[in-house]
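A.B. asks: This is the structure, below, for whatever I ask next.
The values are calculated or read from the model by the stated rules, or taken from the named source; none is laboratory data. Just so you know, these numbers come straight off a predicted model, no measurement behind them. Here the Cβ positions follow ideal geometry from the backbone for every residue, glycine too, while neighbour counts run over all protein chains shown.
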């Protein structure tokens, strides 16, 4: 059975959505730069913190979507060390403290 996330249309749509996020992140970062460097010096406002978060998220997620495309949905093999094993309690130390 083929993976529906592997189609060319889905890959193109995923890459285009990533490409669309990059200008949003760039504009918010540019606006943040101009607001933070405006005279007189001031403490960061909630709006500036929101711009920083928006810029970071849009640039990070957008670049990942642009580079990976639909491969962002690929299943990867996880080491046995990180899989769930019966008999091991979660949230406890190695000795079962």
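A.B. asks: Quick one: which residue in 16, 21 is within 16 Å of the chain's Cα centre (by Cα), surrounded by 15 or more Cβ atoms within 10 Å (Cβ to Cβ), modelled with pLDDT of 95 or more and not in a loop (DSSP other than H, G, I, E, B)?
C.D. replies: Values: 16 fails: surrounded by 15 or more Cβ atoms within 10 Å (Cβ to Cβ).
Among 16, 21, only 21 is within 16 Å of the chain's Cα centre (by Cα), surrounded by 15 or more Cβ atoms within 10 Å (Cβ to Cβ), modelled with pLDDT of 95 or more and not in a loop (DSSP other than H, G, I, E, B).
A.B. asks: Is it fair to say residue 69 is in a helix (DSSP H, G or I), surrounded by 12 or more Cβ atoms within 10 Å (Cβ to Cβ) and at positive phi?
C.D. replies: Values: in a helix (DSSP H, G or I): yes; surrounded by 12 or more Cβ atoms within 10 Å (Cβ to Cβ): yes; at positive phi: yes.
For residue 69, the condition - in a helix (DSSP H, G or I), surrounded by 12 or more Cβ atoms within 10 Å (Cβ to Cβ) and at positive phi - is met.
A.B. asks: On to the next question. Quick one: which residue in 52, 36 is within 30 Å of residue 13 (Cβ to Cβ), surrounded by 14 or more Cβ atoms within 10 Å (Cβ to Cβ) and modelled with pLDDT of 85 or more?
C.D. replies: Values: 36 fails: within 30 Å of residue 13 (Cβ to Cβ).
Exactly one residue qualifies, and that residue is 52.
A.B. asks: Being under 28 Å from residue 16 (Cα atoms) and either at pLDDT below 95 or part of a helix (DSSP H, G or I) (or both) narrows it down to one residue among 84, 28; which is it? Talk me through it step by step, then tell me what you get.
C.D. replies: Working: 84 fails: under 28 Å from residue 16 (Cα atoms).
Checking each option against the conditions leaves just 28.
A.B. asks: Going by what's in this entry, would residue 64 be described as surrounded by 11 or more Cβ atoms within 10 Å (Cβ to Cβ) and modelled with pLDDT of 80 or more?
C.D. replies: On the way: surrounded by 11 or more Cβ atoms within 10 Å (Cβ to Cβ): yes; modelled with pLDDT of 80 or more: yes.
Answer is yes for this residue.
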